[in-house]
1. Report, by residue number, each residue of the range A:68-104 that is among the polar types (S, T, N, Q) and open to solvent by 30 Å² or more (accessible area, probe 1.4 Å).
2. Please go through the range A:1-44 and give me each residue that is in a loop (DSSP other than H, G, I, E, B), closer than 23 Å to residue B:85 by Cα and within 11 Å of another protein chain (Cβ to nearest Cβ), ordered by number.
3. Filter the range B:13-28 for residues that are among the polar types (S, T, N, Q) and in contact with a Lys or Arg (Cβ under 8 Å, 6 or more places away or on another chain) and give the result.
4. Just for the range B:100-110: of the residues that are polar (S, T, N, Q) and part of a loop (DSSP other than H, G, I, E, B), which one is least open to solvent (accessible area, probe 1.4 Å)?
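The values are calculated or read from the model by the stated rules, or taken from the named source; none is laboratory data. What you see is a predicted model, and the numbers here were worked out from it, not measured in a lab. Glycine gets a Cβ as well: all are built from the backbone with ideal geometry, and neighbour counts include every protein chain shown. SASA here: full protein model, heavy atoms, side chains in, ligands and nucleic acids out. Shrake-Rupley method; radii C 1.70, N 1.55, O 1.52, S 1.80 Å.
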Amino acid sequence: MLVKIKNNIEEISRICDIVRNFCVQNGVSDEKYHDVVLILDELITNIISYAYPDGGERFFDLSLEKNDQYIVMNVIDDGIPFDPSSQADPDVDSSIEERQLGGLGIFMVKQLSEVIEYSRVDDQNRLCVKVALCNKNKEENHGD
Amino acid sequence: MEIKIAEEDGITVVTPVGRVDTSTSKAFEDGVMSAVASGKKLAIRFNEIDYMSSAGLRVVLMAGKKLTASGGALALIDMPEKIFSVFRISGFDKILKIFPNLAESKEFFN
């Protein structure tokens, strides 16, 4: 499935509805829907907020697919270069006083996904993120 | 999005409804911060939200920081597993207090 997204934060709600429908139609569990919608929220919010510093109406692409193993998300934008996979992780062991407010979004994308691949091709950021359909990922899972 | 704010046994309970994302986090922030300003005992209830992005987590952390600094208390209650997983990944389960429900947070507030 292909979706064209405008660089406007109001788009988030429309994308959530699209992802919800996609997951329902493809028999994706509520738990995985939650992970996918959270990942896309973070990625799309980042692009809308930072990829086009000069402003103006711009569009970028999202594709969403399900295969036997994964839900595969491809996000392609022609904004300024940004590689989410190389961002430093926040210190999740710091105290509440020391804990910084930022940097969590990309960290969650990394933690909730199995594969995250970035390339810069033809002045485009191309990001592929895969969420495993079954729970054999790096986080320990409850009751599975 | 809707934010419900109620007083339950001397505790201000804030309940966001729907999605807490970048486009709605300002309303969530306004609701939580007005409760932080007016009350020393705050609970945030999570069983009426679809998901919470990092924009919402930021607001929860901000409330926790302010209440810790001012001698108040923040409890996070009625958190479904999918939302809890986000708090666990973020390491917030180690710096914020999470309880199954309001009744079980009473001792903490007292």
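1. Once the filter is applied, which keeps residues that are among the polar types (S, T, N, Q) and open to solvent by 30 Å² or more (accessible area, probe 1.4 Å), the range A:68-104 yields A:69, A:74, A:85, A:86, A:87, A:95, A:100.
2. Result: A:29, single match.
3. B:15, B:25
4. Taking the candidates together, the pick is B:101.
Conditions (1) charged (D, E, K, R); (2) at the interface with chain A (Cβ under 7 Å from one of its Cβ atoms); (3) out of contact with any Ser or Thr (no Cβ under 9 Å at 6 or more places or on another chain), marked per residue:
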{"residue": "B:50", "(1), (2), (3)": "yes, no, yes"}
{"residue": "B:81", "(1), (2), (3)": "yes, yes, yes"}
{"residue": "B:90", "(1), (2), (3)": "no, yes, no"}
{"residue": "B:102", "(1), (2), (3)": "no, no, yes"}
